[in-house]
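Everything below concerns the one structure shown next.
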Amino acid sequence: MRVRFAPSPTGALHIGGVRTALYNYLLAKKHGGTFILRIEDTDQKRYVPGAEDYIKNALNWCGINPDEGPDQGGDFGPYRQSERKDMYAQYAYQLVENGNAYYAFDTPEEIEAMRQAAQAAGDHGAKYGVGTRMNMKNSLTFSAEETKAWLDAAKPYTIRLKIPEDEVVSVEDEIRGKVQFESKELDDKVIFKSDGMPTYHLANVVDDHGMQITHVIRGEEWLSSTGHHVYLYRFLGWEDVMPKFAHLPLILSPVGKGKLSKRHGKKFGFPVFPLSWIAENEEDSFEGFKEAGYLPEALVNFLAFLGWNPGTEQEIFSLEQLVEAFSLERINKGGARFDIDKAKWYNQQYILGMPDTKLAEEFKLMAQGRGYDVDDKFAVSYAAMFKERAQFLPDLLVQGKFLLDDKIEEYDQKSVRKKWKGDAEAVMLDYVGVLTEVDNFNANHLEELTKTFLEKKELGFGALFPGLRLGLSGSLKGPAVFDIMQLLGKEKTIKRLQLAPSIFAKIKEEHNA
Ligand code: GLU
C-alpha cells in the first residue's frame, strides 16, 4: 500500500486536511505500507509563502510523519510538483497527439461570453465541453494549418481534456461504492496552462501513477473530479493500474449545515487549524489547537472519530491503537458534524491520563513563560493537584494562580463577609501559633494536628476552615486545604494567615461604608 497526502500550499492546513493526512497515515501503517507527503504547488497564483512549512510543522506536531516527502526524500522524488514541472508537458502533448485533448485559444472574456449567451438561452450550468466546444476557438474547430499558425505565432493557449460525448464513466469508491458520471456533465478541464504548468488534474494523475500510489484517499470535495481523473488514466493507458479511490465524508459545521469553515471557527470561538496562523490582518489570523491548549494526542483521537468509528464503545485511542483498529470499511459515508465539546472532552481525558511528571514538564514551561520560578518538585505536586480541574493545559496556570503569585490577587469578598465573623479571628491566630511550632509541613501531618487542635478547643471544622481557605487561596473552592499548605510551605502559609485578618477586616469595612 502506497498512499499520499497531497496538500496545496495555499494557506494554513485546515483540520479537515489533517484528518485526511491522518486517515492516509493510519491505513499505510496498518498495512505496513508507505505514507507519502507530496506538495502540490503548481498553481502559482494561489501559492502562499510559509504554507508548506506550516503543513509540515502541523503534521509533525500531530505525530503524522511521512515516510517519503520533500524532507524525507525517497525513490519517487522530487516530492514537490514545482520541481517535477518538466515531467508533465510530455503527457499533455501526448494526449493532444492521440486526440484526447486539444489546444484552446479562447480568452477569458470569450469564455465568459459563451457562458452569458448560454445563460440567456436558459442553460445555467454551461461549461466548456461537449455542448459548447464546437463553437469555441480551439484545435477542434480550427483547421490543422490554422492551429499551427496560432501556435507558431505564440498565441497563449491551454490544453483541454476532450471528454467523450455520450458515455457513463464509473468509479468503484471504497467508501461510497459505485459512483457514476455522465460524460456530458463533465467539462473539458484545462490540464495544461499557458505558463507551462500543468493544472492539478494532470499533475495529480501523472504523479499518483509515477509514485505508484495504490489508494487515493481524499476529501469528498474531490469526488466530482474523479470522473476526469478516470479519463486521464484511460487516455494515458494506465487504467488497469489505476489506484483505488476513497472519498472521505465532509466535516460539517457545528450546526450541521454546510462544510466546516474557518469562519465558523471565528463565529463560534474555536480553532479549526492545528497551529496558529498569523497573517497581516486580524481577520485572516487564527489561533491553533496547539496554542489553545490542546494536546496533539487528543486532537488526533478526536479527528479519527470525525468520520470513523471502531464499532465498539472504546473512545480513547493512542495513535498506535488507531493504527491497529482503523479500517476503510468503518469510515462513514455521511458528513461528520464538528463538535468542539467532544474535542474538549478528549483533551481533558488526555490531561487526566498524562503522568504527573510529564504534565509537570508542560506546566513548568508555561509557568516559566509567565515569569514564575518553579522547581521540579513543586511542578509535580502542582500538576497532580490541578490536573482534574484542567480542560486545557493553560487552565493549570489559572486554577492555581494563588499558589504561583506571591500574594493573593483577588479574594472572594462575599464569602469573606459571610464567613469571617465571631471567633474566627481568635481561632485563626491561635492556629497560626500552633503552626509556627510545626516542622513537618506534610499534608497528612497537618491534617492530624489540625484535628487535635480543634478537638482540644472543642470546635468544629467550621470554626477554622473557611478563614483558613480564604486566607490561603482567596476562595472557598479548590484543592484540599492541607495540600495547599504543603505546597505553599511553612513560611508562606504563616505569612498569608497572619495577613488575612487585616485584609478581611478591610473588605468588610469597605462593604459597610
Ligand atoms: N492538492 C489537492 C488538495 O489540495 C489534492 C487533492 C487530492 O488528494 O487529490 O487537496
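The values are calculated or read from the model by the stated rules, or taken from the named source; none is laboratory data. All figures in this text were calculated on a predicted structure; none of them were measured in a lab. As a convention, Cβ positions derive from the backbone with ideal geometry for all residues, glycine included, and neighbour counts pool all protein chains shown. The accessibility values were calculated without ligands, DNA or RNA, using every heavy atom of the protein model including side chains. Shrake-Rupley method; radii C 1.70, N 1.55, O 1.52, S 1.80 Å.
A few points about this structure:
- Each peptide among 354-360, 280-286 gets the average number of other Cβ atoms lying within 10 Å of its residues, and from highest to lowest they stand as 354-360, 280-286.
- Diffusion constant of segment 322-397 at 10 °C, which comes from Stokes-Einstein with the Kirkwood Cα-pair radius and 1.306 mPa s, µm²/s: 110 µm²/s
- Per-residue extension of 0.36 nm, minus the Cα-Cα distance of ARG176 and GLU283, leaves a gain of 34.8 nm for this segment.
- Linear extension gain, THR436 paired with GLN90, 0.36 nm per residue minus alpha-carbon span: 115.8 nm
- The portion of the accessible surface of the chain made up by carbon and sulfur, rounded to a whole percent, is 47 (1.4 Å probe; DNA, RNA and ligands excluded).
- In the full protein context, segment 388-443 carries 59 Å² of accessible surface per residue, based on a 1.4 Å probe and ignoring ligands, DNA and RNA.
- Computed over the alpha carbons of segment 191-327, Rg followed by Dmax gives 18.9, 55 Å.
- Using every pair of separate Cα atoms, the Kirkwood estimate puts the hydrodynamic radius of the chain at 27.8 angstrom.
- Candidate lysines - alpha carbon under 16 Å from LYS155, same-chain residues fewer than 8 apart omitted: LYS137, LYS193
- Orientation-averaged projection of segment 6-97 equals 7.0 nm² [convex hull of Cα atoms, one quarter of hull surface area].
- Cβ charges +1 (Lys, Arg) and -1 (Asp, Glu), total dipole of the chain, debye: 1300 debye
- About its Cα centre, the dipole of segment 53-136 is roughly 200 debye, where the only charges are +1 on Lys and Arg Cβ and -1 on Asp and Glu Cβ.
- Accessible surface, segment 87-203, averaged per residue in Å² (probe 1.4 Å): 52 Å²
- Residue-normalised accessible area of segment 265-314, expressed per residue, 1.4 Å probe, Å²: 47 Å²
- Per the Kirkwood formula applied to alpha carbons, segment 365-431 shows a radius of gyration over Rh ratio, Rg over Rh, of 1.09.
- Mean silhouette area of segment 405-498, derived from the convex hull of its C-alpha atoms and averaged over all directions, reads 5.6 nm².
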